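In what follows, a structure is listed as structure tokens, so that the remarks can point back to it.
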Amino acid sequence: MTTSFGELDTESLRDRVAGQLARSRARSTALTDAVDENDLVKQHSKLMSPLVWDFAHIGNQEELWLVRDVGGREPVRDDIDNMYDAFQHPRSDRPALPLLSPAETRSYVQQVRTKVMDVLASTPLEGRKLVENAFAFGMIVQHEQQHNETMLATHQLRDGEPVLHAPMPPAPPGPVLDKEILVPAGPFTMGTSVEPWALDNERPAHRIEVGAFVIDKYPVTNAGYLEFIASGGYDRPQWWSEEGWAYNRKTGLRAPRFWVRDGDRWLRDCFGVVEPLVLDEPVVHVCFYEAEAYAAWAGKRLPTEIEWEKAARHDPATGRSRRYPWGDEDPGPEHANLGQAHLRPARIGAYPRGESPLGVAQLIGDVWEWTSSDFHAYPGFVAFPYQEYSEVFFGADYKMLRGGSFGADAAACRGTFRNWDYPIRRQIFSGFRLARDPGPEETR
Ligand code: AVJ
Ligand code: FE
């Protein structure tokens, strides 16, 4: 079992950290080297930071936590913390800041990394909660990977010639039967107290009684979504919540973001390549309100976050919760479409080896899945190591997304991992799957 790599000896743990830091940096470098200086400093959308801000912010967080706090070292630069503090400057204001140039940014993040490798080699990985199991290093690896996904979303918003290229995801190996799966009522362990790099909002593990529910084996596809559009779904207030309808009317929603009308058909802009829709691919770039409206039109609903996690982790044979749907093994390319290896969701049925014990598929990777839940703390939550990661976002303003996308890295995605965003957001790699209450004859 790989659940506690805390069991690794210190040298192996250091090797693991070094490998993950290098992998995250390779991604940041690829995403920033792909475009010219002008594209790095410019704002491609008011929703996003300039790419060069993300990169320097990655370095600055690494410096704050690993160089200064964990390492107790002198600052690499003590004059830029404010500029790269996400809470000081909303994304829309960031291009107006006197940001480090691309060359200065590259040199800054490299200087920080050099010190961090020294800190890693010389810090005992015990004695302090922050360094236990190399947590702070894991947090910084995840932070960089999370911003890599944000940077990928910026790339999707960028105009101009395509610059990112990746092979297609695997195709389904055999015939695909889309179906619903009944999850019988019963207790389930949500969250974790043992996953060494789980973030504060995933903790602690707690037992929950969950009523019976039915959940779709696969996420909603482009084919399904086209039917919703064709049936006039965007013009029928009956499918929309009050806020959803208001947002629909205000912004004139017609289709998922990045869909392009071409005569009587829809195309999709995928990182600058406009292409026909792949019908059995999960729909991506929809907001919560669109997901909710689709579910109502289909006579179903979105799963709660609890239901999603039970479908993903619960093993009825043992009663315990797995790290991932397929077991406790770290994700491999056979399990899930993660890590920007493919720059699109995989067709449904592509990952039979990633299915959960209940037979639910493609929960991890492909698209983040909107759930009906707001962002709340688990019972016994303790903010760690800073309130600004999770706690300041708790409340009804945000909706929870689960499972990671093709743009998320394995380091920043687990069965317990929780993501959140405003219900209007659609530039993220978001889709959804449907659930419903079972009828009385189904649970007998
Ligand atoms: C967990 C993805 C919502 O990007 O706002 C990055 C992650 N926190 N830097 C975000 C995060 C601080 C966060 N999300
Ligand atoms: Fe950040």
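The values are calculated or read from the model by the stated rules, or taken from the named source; none is laboratory data. A quick note: this is a predicted structure, and the numbers were derived from the prediction, not measured. Ideal geometry is used to build each Cβ from the backbone, glycine not excepted, and the neighbour counts take in all protein chains shown. These area figures cover heavy atoms from the full protein model, side chains too; ligands, DNA and RNA do not enter into them. Shrake-Rupley method; radii C 1.70, N 1.55, O 1.52, S 1.80 Å.
General observations
- Matching entry among Glu242, Glu275 (being acidic (Asp, Glu) and within 30 Å of Gly354 (Cα to Cα)): Glu275
- Cβ pairs under 8 Å, 6+ apart, first in segment 418-443 and over 24 Å from Ile348 (Cβ atoms) and open to solvent by 40 Å² or more (accessible area, probe 1.4 Å), second more than 10 Å from ligand 1 (Cβ to nearest atom) and of a type outside the set (Phe, Trp, Tyr): Tyr422/Asp397; Tyr422/Lys399; Ile424/Cys287; Thr443/Leu182; Thr443/Pro184; Thr443/Ala185; Thr443/Ala212
- Long-range neighbours under 7 Å by Cβ, at least six apart or interchain, first residue in the same structural domain as Glu369 (by TED's automatic domain parsing) and touching a residue at least 24 places away in the same chain (Cβ under 8 Å) within segment 215-231, second open to solvent by 10 Å² or more (accessible area, probe 1.4 Å) and hydroxyl-bearing (Ser, Thr, Tyr): Val220/Tyr294; Tyr225/Tyr294; Phe228/Tyr294
- Of all residues in segment 36-51, those that are more than 16 Å from ligand 1 (Cβ to nearest atom) and either β-branched (Val, Ile, Thr) or crowded, with 19+ Cβ neighbours inside 10 Å (or both) total 5.
- Qualifying residue in segment 103-111 (condition: among the hydrophobic types (A, V, I, L, M, F, W, C) and either under 26 Å from Glu132 (Cβ atoms) or within 14 Å of ligand 2 (Cβ to nearest atom) (or both)): yes
- Taken as a whole, the structure leaves Gly211 outside the set of residues that are modelled with pLDDT under 95 and more than 15 Å from ligand 1 (Cβ to nearest atom).
- Of the residues making up segment 117-136, those that are under 24 Å from Gln387 (Cβ atoms), touching a residue at least 60 places away in the same chain (Cβ under 8 Å) and more than 16 Å from ligand 2 (Cβ to nearest atom) are Lys129, Leu130, Val131, Glu132, Asn133, Ala134, Phe135.
- For first residues located in segment 385-396 and under 18 Å from Gln61 (Cα atoms), partners that are assigned to a strand (DSSP E or B) and within 12 Å of ligand 1 (Cβ to nearest atom) and lie 6+ apart or on another chain with Cβ distances below 9 Å form the pairs Ser390/Phe375; Ser390/Arg418; Ser390/Trp420.
- The number of residues in segment 327-352 that are open to solvent by 30 Å² or more (accessible area, probe 1.4 Å) and either over 20 Å from Pro167 (Cα atoms) or of a type in the set (Val, Ile, Thr) (or both) comes to 2.
- Test result for Asp85, within 16 Å of ligand 1 (Cβ to nearest atom), of a type in the set (D, E, K, R) and either within 21 Å of the chain's Cα centre (by Cα) or open to solvent by 40 Å² or more (accessible area, probe 1.4 Å) (or both): yes
- Here segment 56-82 is the region considered, the condition is being crowded, with 20+ Cβ neighbours inside 10 Å and acidic (Asp, Glu), and the residue that is farthest from Ala22 (Cα to Cα) is Glu63.
- Of residues in segment 371-416 being among the hydroxyl-bearing types (Ser, Thr, Tyr) and in a strand (DSSP E or B), the one least open to solvent (accessible area, probe 1.4 Å): Thr371
- Selected residue [without any contact (Cβ under 8 Å) to a residue 40 or more places away in the chain and in a helix (DSSP H, G or I)] from Arg77, Arg68, Arg94: Arg68
- Hey, Val194 more than 30 Å from Phe137 (Cα to Cα) and in the same structural domain as Phe417 (by TED's automatic domain parsing) or not: no
- Residues of segment 233-245 that turn out to be open to solvent by 60 Å² or more (accessible area, probe 1.4 Å) and either in contact (Cβ under 8 Å) with a residue 12 or more places away in the chain or among the small types (Gly, Ala, Ser) (or both), as a count: 4
- Residue in segment 185-204 that is within 16 Å of ligand 1 (Cβ to nearest atom), within 20 Å of Ala336 (Cβ to Cβ) and in contact with a strand residue (DSSP E or B) (Cβ under 9 Å, 6 or more places away or on another chain) present: yes
- Options Glu227, Glu307; residue that is within 21 Å of Gln362 (Cβ to Cβ), open to solvent by 50 Å² or more (accessible area, probe 1.4 Å) and out of contact with any Ser or Thr (no Cβ under 7 Å at 6 or more places or on another chain): Glu227
- Residues of segment 173-198 classified as open to solvent by 30 Å² or more (accessible area, probe 1.4 Å) and part of a loop (DSSP other than H, G, I, E, B), total: 11
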